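Enquirer: Starting off with a structure, shown below.
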Amino acid sequence: MLFRSLQTPEVAKSENQTYQVTSTSPSASLEDVKKMDFTSILSNSKAIFNKPVDSEGNATTMDKGAFIKIDILGPMNDGYVKVTEASSGKDNFSYTFTTMEGHIEKGVIAFSVSANSDGNLTFSINSTSEINNGTAKVLLNDFTRGQQAASWNEVLTNFVTKTGGKEADRKVTREDAQKKFNGFGGGTPPSWP
């Protein structure tokens, strides 16, 4: 199976987004969440995350090097991502996805789950991305970003539901790096590693 090249965003042209929620008194432990089908947490009404495959298209685990096809609502959405980082510790685990050529965005997004000392679970989504499709960039930027925000908010709700807890501390921040570095925040934009 042939996959396209990775595409990372130009940080100065990107939007940085952070979504976070805490599941209080969850019935699932961190170890239970590690064993869950993570794509079922990420799938929502706007995007279906298919199960991970290897470079030959064979089913595999969610681990570094796996590929995930995302069926995104709308035209021109050939959405593949590659799991470029995966880590697991005693109190947390995380996955980082990088978009591939053909995806509507150029982006890097990290998903992390942490067990808090009080037994609650915190789920975070941290994304740096820019719209990749020329038409969408010019005509649909606000619409596309709005759909994306709705999608990630739905994922936060999925996490709380699947962990059997109650929602607390939902936080969402979105920052347009281009505005920040074009006189609104000053300074020089960072470069992408």
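Enquirer: Excluding ligands and nucleic acids, what accessible area in Å² is computed for Asp32 using a 1.4 Å probe, to the nearest 10?
Expert: Accessible area, nearest 10 Å²: 70 Å².
Enquirer: While we're looking at this one, here's another question. At 1.4 Å probe size, with every protein chain present, just tell me what the per residue accessible area of the range 1-100 comes to in Å². Please report the intermediate quantities before stating the final value.
Expert: Numbers: 4930 Å² over 100 residues.
Result: 49 Å² of accessible area for each residue.
Enquirer: Pulled fully out, how much extra length does the chain show between Glu167 and Glu56, if you take 0.36 nm times their separation in residues and subtract their Cα-Cα distance?
Expert: Working: separation 111, 0.36 × 111 = 39.96 nm, distance 3.93 nm.
Contour length minus Cα-Cα distance gives 36.0 nm.
Enquirer: For Ser88, Ser40, Ser127, give the ranking by accessible area with the largest first, probe 1.4 Å. Intermediate results must be reported in sequence, preceding the final value.
Expert: Working: Ser88 85, Ser40 40, Ser127 10 Å².
Ranked list, largest accessible area first: Ser88, Ser40, Ser127.
Enquirer: Please arrange Ser129, Ser117, Ser55 by accessible surface area, largest first, computed with a 1.4 Å probe and ligands excluded.
Expert: Values: Ser129 0, Ser117 135, Ser55 55 Å².
These residues rank, largest area first, as Ser117, Ser55, Ser129.
Enquirer: With a 1.4 Å probe and all protein chains kept in place, how do Arg174, Arg145 rank by accessible area, largest first? List each step's numbers first, then the result.
Expert: Numbers: Arg174 105, Arg145 15 Å².
Descending accessible area places them as Arg174, Arg145.
The values are calculated or read from the model by the stated rules, or taken from the named source; none is laboratory data. Since we're looking at a predicted model, the values are computed, not measured. Just the protein is used for accessible areas: all its heavy atoms, side chains included, with ligands, DNA and RNA removed. Shrake-Rupley method; radii C 1.70, N 1.55, O 1.52, S 1.80 Å.
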